Every structure is written in C-alpha cells, then in structure tokens.
Amino acid sequence: MQTTVERTAEHTVKLTIEVPPDQVDKDLDQTYRAIAREVKIPGFRPGKAPKPIIDAQVGHDVVLEEFVNASVPTYFRTAVTDEDLAPIGDPEVDVEQLEPGKAFIFTATVEVRPRLELTEADYKGVHVTRPSTEVADGEVDSWVERLRRQFAELEPVERAALDGDFVTVNITVTKDGTEVERLSREDYLYAIGSGEFGARLDAELSSTKPGDILRFDDTLEAARVGEELAGPASFQVLVKDVKALKLPDADDAFAKTASEFDAMDALRADLREKVREVKEREIEGVIRDRVLQAMVDTVDVDLPDSLIEDETGHRVRHAEENAGRYGLTLDQMLEIQGWDRDRLRDDSRDHAVRAIKADLVLEAVARAEQLEVTAEELGAEIGSLAQTYDRDPKELAKQLDRTGQIVTLAGDIIRTKALDILVRDADIADESPEAVNATPAERAEEPKETD
C-alpha cells in the first residue's frame, strides 16, 4: 500500500492511499462472504452463494459500497500509522478509483495533531529547583493547632453566638404545613458554619442567645437533603444554649495528654520530623511536575481548536461523572464549590491546553531518544492494572487489544519514560531554605534566576 501526504492547511493533511489489486481482491472476497452470510438466497446455504448471484440479488454497487465502508477505516489506520500521524476526528473520504483489476485509490482529508521537533539542547538541562524539606515553624504550629482542636472542650458562654460556636437547638422543619421528621432535631448540638442545612440557618443562628426563637423560610438543596426533600421549607428553631470551643494550652501538660512525650518541645520536634518525612515522600512527584511544566512553558505551538475543545469537553464530562458518584448534578456540585459552568469550562480549557502541550513535549522527547515499549514493560503494566481492578491479566490484555486501548497504554509508558529522561538530565538546584519561611508576598518578590 502506498501513501502520499499533502499538507492542505496548518493542521490538515490530505492522504492519497493506493491499495494494490491483490489486496483489493482479497478484501473484496471477504465482503462477498460477509454479505453471503447475511442475505438469504434460495437454493444456497448461508455463505455459499457465488459472487454473480450476490451481485444479481443485492447489486454490485451495494457490494462495493460495503467493501469501501468495511475496508477504508483499516487502510486509513495503516496509512496514518506508517506516516506517524495522529488524526483528530474522522477523515473526509473521497474514492478516486475502484475498478476491477486495478488499484483502489482514495483520498482521506483529516485534521492532525501538531508535533514538536526537539534537539537534546532543547530538553536536556532543564532548570528547576528541588523543594526544600525544611519545615517552617508555621507548619508545626498548624499541626499543633489541629491537635488542640482534637482535645478541645465545649464550655457555655454568656455572649451571643459566633461563627464556629456550637448551639444546642430544637429544629422543626415543615413542608406544606407538615413536619419533616427526618430533618427535625431535638436537643441537637449544631456547629454554626457547618452548612448542614444550608447557609441560611448558619446566618440566622449567628448573634443569637439562649431562648431566641427563629422562624424563616428557605429552599432545601438536594445535595444536602436528597431529591425527595428538596425545595421550599419552613424552619422554626429554638436556641437552648451557646457553647464555644475551649482549646487546651499548648504546654507540657497538653503534650503528655496528646502524645507519648512529656514536653511540648519534644512533641513539636516529633511533628516537625513527621512533616519533613511527608515532604520527602512527595518531593519526587513535585520535581517531575516542575520539570515538565518548565518544558511546557518553553513550547510555542499553535493547537487546533478542535483538539482543545475535545479535551476540554472530556474534562467537563469527567466532572459530571464525579458529581454523579456523589448523587449530585454537575450544577449542584459546582454550587457547593462556589463555581459555575463558565468557570469550570475556562478552568478545564486551561488544563486541557497544558495537558496537550505536555503530551507533545514528551512525544517529541520520545522520538528524539527513539524510545520504545518492550513486551516486558507492557506485560508489567497490564499486570499492575489487572491487580488494581481484580482482573485476570490475560483476559485484560485481550480486552485492551480488542478495543485498541493497548496502543494508548503503550503511549502512556513511552511518555513516562520520556519524563524519566527529562528529570534525569535536568539541572536541579536546591530551593533556598529562606523560601520555606517566607510569606506568599515575600516569595513573589524574590528575584528569579536568569541564564
């Protein structure tokens, strides 16, 4: 099979594909056999009718149309693989020649992914910094604060309730004049700011005192109470008492209560070491992200709108699926997060552009390094996936091959190997310890290194 490639636009190519007569005859025979198995022809068993009878029964033009529909996708996939092209969407196909005893010639016009060409000078020695594992005092303070809250006690207060306080309440919720027992509460300890019933209850409880009675209407959200209870409802709330969290002092006595240490200094030292260990475990992933982002920042490539839109749509659909797992619609999930669809789409588009450029970088490095996937690497990855999803490795391998996902898996392995090379050859400097203790504003003002 011969293929010629003509670039018709920045991201569009026209492939002229010529299939030799012997291959055409072989594939046309398969089409005849497939039709013979489907069409009932008197006097012939299924699949045994000769070609002239099939032509007479269904029409030779119909046979040729079936041949084109069945064979062109295979020829096209072979051609783009041979030419190392990555199509975006389906091609526009025009048959140029389909005559007995002659080559089958057709054109396929399709949009393709751009590709980068990188030299070693482009991707070796990428400058990044290694995150410091030094732990700032503020980080230890945060962990101490969490411990103090775990051992905090509630104590009654005489003042009005504030956000973060706890109130003991009787809550009666009615819909259409009928009490909703599932939502009503008696002697219920409620945390102001928790949003359990929505923002309105939190706002109404703020500044209340024992003995106050609240009456208001609100709209119950399905995300909090379920679809069957969602909608307009009336609240009556009796405030019985107000309590505030009393945090224990961060002293030696607290250290003895909250840990195996006798002194606060020893507890802080232990927390500092634990935080440092967490940073050590995360450092490799952070470096990989920084190296890849540094490469992406150097890439100047025009991306096809269709490619960006496809990836953006994929991310939005993924968000919808995630919301569904929690029994929510996408709009409900976004409302909880304080987002809307426009913001989600803008954010998804930004991430889509970054992901596409990252893939193009890694693919370019893979080509420059002539990276390949071995059978052992592919087998190991399939084995890992099989273990994760509790599947038989051989059956999973057959399924991946059958659906074409084996190619995607091989691509993922190659891109991982390409990133390994980027990191291996990167110029990684230690981050200054001062940056760990700096405020966000101070870090923003730090001078950047120049080549």
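The values are calculated or read from the model by the stated rules, or taken from the named source; none is laboratory data. Note that this is a predicted model, so its numbers are computed, not measured. Here the Cβ is made from the backbone with ideal geometry for all residues, glycine too, and neighbour counts use every protein chain on show. SASA here: full protein model, heavy atoms, side chains in, ligands and nucleic acids out. Shrake-Rupley method; radii C 1.70, N 1.55, O 1.52, S 1.80 Å.
In this structure, the amide hydrogen of Phe216, modeled 1.01 Å from its nitrogen in the peptide plane, lies closer than 5 angstrom to those of Phe235, counting only residues at least 5 positions away or on a different chain.
Working from the Cα coordinates of the chain, the gyration tensor eigenvalues give, after taking √(5λ), semi-axes of 61, 36, 21 Å in decreasing order. When every Cα-Cα distance of the stretch 9-159 is counted in 10 angstrom steps from zero, the calculated P(r) takes the values 8, 22, 16, 12, 8, 8, 8, 10, 6, 1 percent. Here the relative contact order of the stretch 298-357, from alpha carbon pairs under 8 Å that lie six or more residues apart, stands at 47 percent.
Mind running the shape call on the stretch 281-364? Use the C-alpha gyration tensor, a ≥ b ≥ c as the square roots of the eigenvalues: rounded below 1.5 for a/c, prolate if a/b tops b/c, oblate otherwise. Before the final figure, lay out each step's value.
On the way: a/c = 2.60, a/b = 1.56, b/c = 1.67.
The shape class here is oblate.
May I ask you to list the lysines whose Cα is less than 23 Å away from that of Lys256, ignoring any residue fewer than eight positions away on the same chain? Candidates past the 8-residue exclusion: Lys246, Lys274. With a Förster radius of 45 Å applied to the C-beta separation of Lys240 and His318, the computed FRET efficiency comes to 0.50. In this calculation the C-beta distance from Arg7 to Arg33 is compared with R0 = 41 Å, giving a FRET efficiency of 0.60. In the stretch 1-89, the alpha-carbon atoms span a convex hull of 107 Å³ per residue.
Over the C-alpha atoms of the stretch 326-417, the Rg to Rh ratio, Rh being the Kirkwood estimate, stands at 1.13. In order along the stretch 205-218, phi translates into HN-Hα couplings of 6, 4, 6, 7, 10, x, x, 5, 10, 10, 9, 7, 9, 8 Hz, rounded to whole numbers, per the Karplus curve 6.51 cos²θ - 1.76 cosθ + 1.60 with θ = phi - 60° and x for Gly and Pro.
Based on Cα contacts under 8 Å between residues 6+ apart, the stretch 76-225 shows a relative contact order of 14 percent. Note on the stretch 72-165: the C-alpha convex hull projects to 17.0 nm² when averaged across all orientations. Taking Cα atoms only, the orientation of helix 375-388 departs from the longest principal axis of the chain by about 40 degrees.
Can you give the FRET efficiency to the nearest 0.05 for Arg159 and Gln387, using r as the Cβ-Cβ distance and R₀ = 51 Å? Working shown, then result.
Details: r = 57 Å, r/R0 = 1.12.
According to the calculation, E is roughly 0.35.
Phi angles across the stretch 70-85 convert, under the Karplus curve 6.51 cos²θ - 1.76 cosθ + 1.60 with θ = phi - 60°, into 3J(HN,Hα) values of 7, 9, 4, x, 5, 4, 5, 4, 5, 5, 5, 5, 4, 8, 6, 10 Hz, Gly and Pro given as x. Residues in the stretch 304-401 average 63 Å² of solvent-accessible surface per residue, probe 1.4 Å, ligands and nucleic acids excluded.
Can you give me the accessible area per residue for the stretch 89-169, using a 1.4 Å probe, in Å²?
Numbers: 4700 Å² over 81 residues.
Heavy-atom SASA per residue in the stretch 89-169 reads 58 Å².
For the chain, the 222 nm mean residue ellipticity estimated from helices alone, with every DSSP H stretch of n ≥ 4 adding -39500 (n - 2.57) and the total spread over all residues, rounds to -16500 deg cm²/dmol. Within the shell defined by Cβ-Cβ distances under 12 Å, the residues around Val299 carry a net charge of -4, with Lys and Arg each +1 and Asp and Glu each -1.
Rounded to the nearest Hz, the phi-derived 3J(HN,Hα) couplings of the stretch 28-35 under the Karplus curve 6.51 cos²θ - 1.76 cosθ + 1.60 (θ = phi - 60°) are 5, 4, 5, 5, 4, 5, 5, 5, where x marks glycine and proline.
By the rule of a C-alpha distance below 20 Å, with chain neighbours fewer than 8 residues away ignored, the aspartates and glutamates paired with Lys14 are Glu6, Asp82, Glu83, Asp84, Asp90, Glu92, Asp94, Glu96, Glu111, Asp302, Asp305. Anisotropy class assigned to the stretch 85-236 is oblate, per the alpha carbon gyration tensor with a/c at or over the 1.5 cut-off and a/b no larger than b/c. Going 7 Å from the Cα of Ala152 in the Cα-to-Cβ direction, what parts of the stretch 249-291 have a backbone nitrogen less than 13 Å from that spot? Answer for the stretch 249-291: 249. Straight Cα distances below 16 angstrom link Lys279 to the aspartates and glutamates Glu134, Asp137, Glu139, Asp270, Asp289, Asp430, Glu431, with same-chain residues fewer than 8 positions distant left out.
Using only alpha carbon pairs under 8 Å that are at least six residues apart, calculate the relative contact order of the chain and give it in whole percent. Walk me through the numbers on the way to the answer.
Values: 573 pairs, mean separation 74.3, N = 451.
Reported as a whole number, the value is 16 percent.
Once a ≥ b ≥ c are taken as the square roots of the eigenvalues of the Cα gyration tensor of the stretch 200-263, is the result rounded (a/c under 1.5), prolate (a/b larger than b/c) or oblate (a/b not larger than b/c)? Note, shape of the stretch 200-263 comes out oblate.
Near Ser142, once Lys and Arg are set to +1 and Asp and Glu to -1 for all other residues with Cβ below 13 Å from its Cβ, the sum equals +2. Close amide H partners of His127, meaning residues 5 or more places away or on another chain with modelled amide H under 5 Å apart, are Asp427.
Of the accessible area of the chain, with the probe set at 1.4 angstrom, what percent is carbon plus sulfur? Don't skip to the end; give the middle numbers.
On the way: 12920 of 27360 Å².
C and S atoms contribute 47 percent here.
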